[in-house]
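Engineer: Before we start, here is the structure in question, set down as structure tokens.
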Amino acid sequence: MGPPVDIFSLGRALAALDGRDLFNDFDNVARDIQRTLLEVRDVRYAGLDVGIRAAPARIAGGDYLDVVARNGDAPVFAMGDASGRSLPAALRSLTLKFVVRALIAAGHTLVEVVSTANAVMADALLTDEYFSMLLCSITDEGRMFSVVNAGHDPPLIYRRERDEVEELPSSGLVLGIQRAWIFEEQRAPLGPGDFVVLYTDGFAEARNPRGEQFTLAHLKACLLEHVPLGAQALADVLFARVEEHAAGTLRDDASIMVMRAI
């Protein structure tokens, strides 16, 4: 993975936004925050083929994704989506991203990370604010998918043996609503050739100029059409299909992550 984000530089940039510099510097600061939320510079991990594609609907948005390396263990994949749009949503996602990273670095389990993040965000958010988020990992040499899902869109698992796409439904409430919510880890075995796709709601719910949704069914059909592709090529193709459907009218952030065991 790339070097850690210098959050102090972002803080200095935000502090520089006085009345004189506001209009000149705001876009640059927003873009820095957005890069922090969506860029994963190195997606090469032992035993895994990973592809990522993401874009905000505006200069900054509420989607966030991350891949967090762990010493001696499989990396943790994270995807989240803050309620609201633009810079306020991006700042909330930035807070969540670093809370999650710190908890993973401290050695907590997926359930512990999500439960603690939920308690932190419940204390910090306003009553109409919340996050959907999931944390997951692929372990046992690519044979086991483990996920804790806090109200996020269901992960998709391609099953090569049956040539079909399976949904793993959410098992938890979105973050920030109930501080003491008990989250659970779901586990799904993976066979040879199986792989996992994560995405945000802006991806599946993208609308064309006539108001028609892209839909989860369309996403599954596109995935089945391009199964032989590598992870990054598949992420790129699926994202291109959404952009084609929206015809330049994407109104929400859109993110997708593909994970294959190799």
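The values are calculated or read from the model by the stated rules, or taken from the named source; none is laboratory data. Worth saying up front: this structure is predicted, and the values here are computed from it rather than measured. In this analysis, Cβ positions are derived from the backbone assuming ideal geometry, glycine residues included, and neighbour counts consider all displayed protein chains.
Engineer: What are the residues in region 152-184 that are more than 21 Å from residue 199 (Cα to Cα) and either within 16 Å of the chain's Cα centre (by Cα) or of a type in the set (Asp, Glu) (or both), if any? Give the steps one after another, and end with the answer.
Structural biologist: If we filter region 152-184 for residues that are more than 21 Å from residue 199 (Cα to Cα), which is where we start, we get 161-162, 177-182.
The answer is 161, and nothing else.
Engineer: Filter region 136-164 for residues that are within 22 Å of residue 223 (Cβ to Cβ) and of a type in the set (A, V, I, L, M, F, W, C) and give the result. Give the steps one after another, and end with the answer.
Structural biologist: Start the filter on region 136-164 by keeping residues that are within 22 Å of residue 223 (Cβ to Cβ), which leaves 136-138, 142-147, 149, 152-164.
Within region 136-164, 136, 138, 144, 145, 147, 156, 157 qualify.
Engineer: Does residue 175 meet the test of being touching a strand residue (DSSP E or B) at 6+ places or on another chain (Cβ under 7 Å) and either among the aliphatic types (A, V, I, L, M) or exposed (fewer than 15 other Cβ atoms within 10 Å of the Cβ) (or both)? Lay out the reasoning, then the answer.
Structural biologist: Values: touching a strand residue (DSSP E or B) at 6+ places or on another chain (Cβ under 7 Å): yes; either among the aliphatic types (A, V, I, L, M) or exposed (fewer than 15 other Cβ atoms within 10 Å of the Cβ) (or both): yes.
Judged against the criteria, residue 175 is a match.
Engineer: Can I ask one more? State yes or no: is residue 147 closer than 14 Å to residue 187 by Cα and in a helix (DSSP H, G or I)?
Structural biologist: On the way: closer than 14 Å to residue 187 by Cα: yes; in a helix (DSSP H, G or I): no.
Judged against the criteria, residue 147 is not a match.
Each row is one residue, and each column tells you yes or no for (1) modelled with pLDDT of 85 or more; (2) touching a Gly at 6+ places or on another chain (Cβ under 6 Å); (3) closer than 30 Å to residue 227 by Cβ; (4) not hydrophobic (A, V, I, L, M, F, W, C).
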site: 25; (1), (2), (3), (4): no, no, no, yes
site: 33; (1), (2), (3), (4): no, no, no, no
site: 41; (1), (2), (3), (4): no, yes, yes, yes
site: 44; (1), (2), (3), (4): no, no, yes, yes
site: 53; (1), (2), (3), (4): yes, no, yes, yes
site: 88; (1), (2), (3), (4): no, no, no, yes
site: 91; (1), (2), (3), (4): no, no, no, no
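Engineer: Right, here's the next one. Taking the condition of a type in the set (Lys, Arg) and crowded, with 19+ Cβ neighbours inside 10 Å, does residue 187 pass? Before the answer, list the steps.
Structural biologist: Numbers: of a type in the set (Lys, Arg): yes; crowded, with 19+ Cβ neighbours inside 10 Å: no.
No; evaluated as a whole, the condition is false for this residue.
Engineer: I'm trying to understand the selection: among the residues of region 144-181, which are β-branched (Val, Ile, Thr) and under 20 Å from residue 124 (Cα atoms)? Quick ask: steps written out before the conclusion?
Structural biologist: Taking region 144-181 as the starting set, the residues that turn out to be β-branched (Val, Ile, Thr) are 147-148, 157, 165, 174, 177.
Across region 144-181, the qualifying residues are 174, 177.
Engineer: Could you grab me the full set of residues in region 130-164 that are of a type in the set (D, E, K, R) and either in contact (Cβ under 8 Å) with a residue 24 or more places away in the chain or within 11 Å of residue 114 (Cα to Cα) (or both)? Walk me through how you get there before you give the answer.
Structural biologist: Quick first cut of region 130-164, residues of a type in the set (D, E, K, R) only: 140-141, 143, 153, 159-164.
Answer for region 130-164, where residues must be of a type in the set (D, E, K, R) and either in contact (Cβ under 8 Å) with a residue 24 or more places away in the chain or within 11 Å of residue 114 (Cα to Cα) (or both): 141, 143, 153, 159, 160, 161, 163, 164.
Engineer: Exactly one of these conditions fails for residue 147: (1) under 24 Å from residue 261 (Cα atoms); (2) exposed (fewer than 14 other Cβ atoms within 10 Å of the Cβ). Give me its number.
Structural biologist: Of (1) under 24 Å from residue 261 (Cα atoms); (2) exposed (fewer than 14 other Cβ atoms within 10 Å of the Cβ), only one is false for residue 147: (2).
Engineer: Within region 127-144, which residues are crowded, with 19+ Cβ neighbours inside 10 Å and more than 24 Å from residue 98 (Cβ to Cβ)?
Structural biologist: Selection gives 142 alone.
Engineer: Give the residues of region 98-126 that are among the hydroxyl-bearing types (Ser, Thr, Tyr) and assigned to a helix (DSSP H, G or I), sorted by residue number.
Structural biologist: Of region 98-126, the ones among the hydroxyl-bearing types (Ser, Thr, Tyr) are 109, 115-116.
Result: 115, 116.
Engineer: If you don't mind, another one. With respect to the numbered conditions (1) over 30 Å from residue 108 (Cβ atoms); (2) more than 17 Å from the chain's Cα centre (by Cα); (3) hydrophobic (A, V, I, L, M, F, W, C), which one is the sole condition not fulfilled by residue 219?
Structural biologist: Among (1) over 30 Å from residue 108 (Cβ atoms); (2) more than 17 Å from the chain's Cα centre (by Cα); (3) hydrophobic (A, V, I, L, M, F, W, C), residue 219 violates only (2).
Engineer: Which residue out of 228, 154, 169, 209 is loosely packed, with under 13 Cβ neighbours inside 10 Å, at pLDDT 90 or above and not charged (D, E, K, R)?
Structural biologist: Numbers: 154 fails: loosely packed, with under 13 Cβ neighbours inside 10 Å; 169 fails: at pLDDT 90 or above; 209 fails: at pLDDT 90 or above.
Sole residue among the options that is loosely packed, with under 13 Cβ neighbours inside 10 Å, at pLDDT 90 or above and not charged (D, E, K, R): 228.
Engineer: Next up: Among 237, 196, which is the only one that is within 24 Å of residue 145 (Cβ to Cβ) and either among the basic types (Lys, Arg) or surrounded by 22 or more Cβ atoms within 10 Å (Cβ to Cβ) (or both)?
Structural biologist: Values: 237 fails: either among the basic types (Lys, Arg) or surrounded by 22 or more Cβ atoms within 10 Å (Cβ to Cβ) (or both).
196 is the lone residue from the list that is within 24 Å of residue 145 (Cβ to Cβ) and either among the basic types (Lys, Arg) or surrounded by 22 or more Cβ atoms within 10 Å (Cβ to Cβ) (or both).
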